[in-house]
Amino acid sequence: MKGMLNDQSLIYQQIAQLLEDGILRGEYPEDSQVPSTNELARAFNINPATAAKGINRLVDEGLLYKRRGIGMFVAPGALKTLRARRKEAFARDQVRALVREARRLNVTREELLQLVAGEADKEELP
C-alpha cells in the first residue's frame, strides 16, 4: 500500500482515496484483492474500524465487493468508473479554475490552448 495519511481530510476518506489511487495505477486490477482492514490499520497505525469505513465507502460506490470469508476485491468496471469520475472532477475543479484565471489575465482561447498543449507535450500526454 503506497501513500501517507495527512491532517487535511478525514482518515477514512484518505484510506478510500489511497485504494482508488491504487486501482487507477493498476496496483489493484479488477477482481484482485485489496488490503484488509487489519492490514490497513497496521500499515497506517489507525483503528480497524476507520479502515473499514474507508473500504465500505468504496463498496457502497460499487468499486469493491466482498467475498465472504476471503476479503475485499476490486469490482469489474471499477477502473472505468474511477477514471470517468476523476475526469469529471478534474474538469469541474481544475479546468474551470484554469479558465477563470485565464479570463482574469485576458488570455485568449488560442493562447490558453497553446499553453496547455505546451505543458502536455512536456509531460508526454497521450
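With the condition being under 19 Å from Arg25 (Cβ atoms) and not aromatic (Phe, Trp, Tyr), I'd like the helices (runs of 4 or more DSSP H) fully within the range 61-126 carrying at least 3 qualifying residues.
Numbers: elements: 78-89, 96-104, 109-123.
In the range 61-126, the matching helices (runs of 4 or more DSSP H) lie at 78-89.
Please indicate, with yes or no, whether at least one residue in the range 42-52 is under 18 Å from Arg85 (Cβ atoms), out of contact with any His (no Cβ under 6 Å at 6 or more places or on another chain) and not in a loop (DSSP other than H, G, I, E, B). Outline the logic, then answer.
As a first pass, look at the range 42-52 and keep what is under 18 Å from Arg85 (Cβ atoms): none.
Looking through the range 42-52, none of the residues is under 18 Å from Arg85 (Cβ atoms), out of contact with any His (no Cβ under 6 Å at 6 or more places or on another chain) and not in a loop (DSSP other than H, G, I, E, B).
For the range 29-53, which residues satisfy the criterion of being under 17 Å from Ile70 (Cβ atoms) and open to solvent by 60 Å² or more (accessible area, probe 1.4 Å)?
Answer for the range 29-53, where residues must be under 17 Å from Ile70 (Cβ atoms) and open to solvent by 60 Å² or more (accessible area, probe 1.4 Å): Pro29, Glu30, Asp31, Gln33, Asn38, Glu39.
Counting just the residues of the range 1-28 that are assigned to a loop (DSSP other than H, G, I, E, B) and open to solvent by less than 70 Å² (accessible area, probe 1.4 Å), which one comes out nearest to Val59 (Cα to Cα)? Full working, then the answer.
We begin by selecting, within the range 1-28, every residue assigned to a loop (DSSP other than H, G, I, E, B); these are 1-10, 26-28.
If we keep only those that are open to solvent by less than 70 Å² (accessible area, probe 1.4 Å) as well, we get 3, 5, 9, 26-28.
On the way: Gly3: 21, Leu5: 21, Ser9: 20, Gly26: 18, Glu27: 18, Tyr28: 15 Å.
Among them, the one singled out is Tyr28.
Checking Ala84 against (1) among the hydrophobic types (A, V, I, L, M, F, W, C); (2) more than 15 Å from the chain's Cα centre (by Cα); (3) open to solvent by 50 Å² or more (accessible area, probe 1.4 Å), which single condition isn't satisfied?
That leaves (2) as the condition not met.
(1) without any contact (Cβ under 8 Å) to a residue 24 or more places away in the chain; (2) exposed (fewer than 15 other Cβ atoms within 10 Å of the Cβ): which one isn't true of Gly77, the others all being true?
Gly77 satisfies every listed condition except (1).
The values are calculated or read from the model by the stated rules, or taken from the named source; none is laboratory data. This structure is a prediction, so every number in the text was calculated from the model and none was measured. Methodologically, a virtual Cβ is constructed for each residue, glycine included, from the backbone with ideal geometry; neighbour enumeration extends over all protein chains shown. Please note that ligands, DNA and RNA were not included when accessible areas were found on the heavy atoms of the full protein model with its side chains. Shrake-Rupley method; radii C 1.70, N 1.55, O 1.52, S 1.80 Å.
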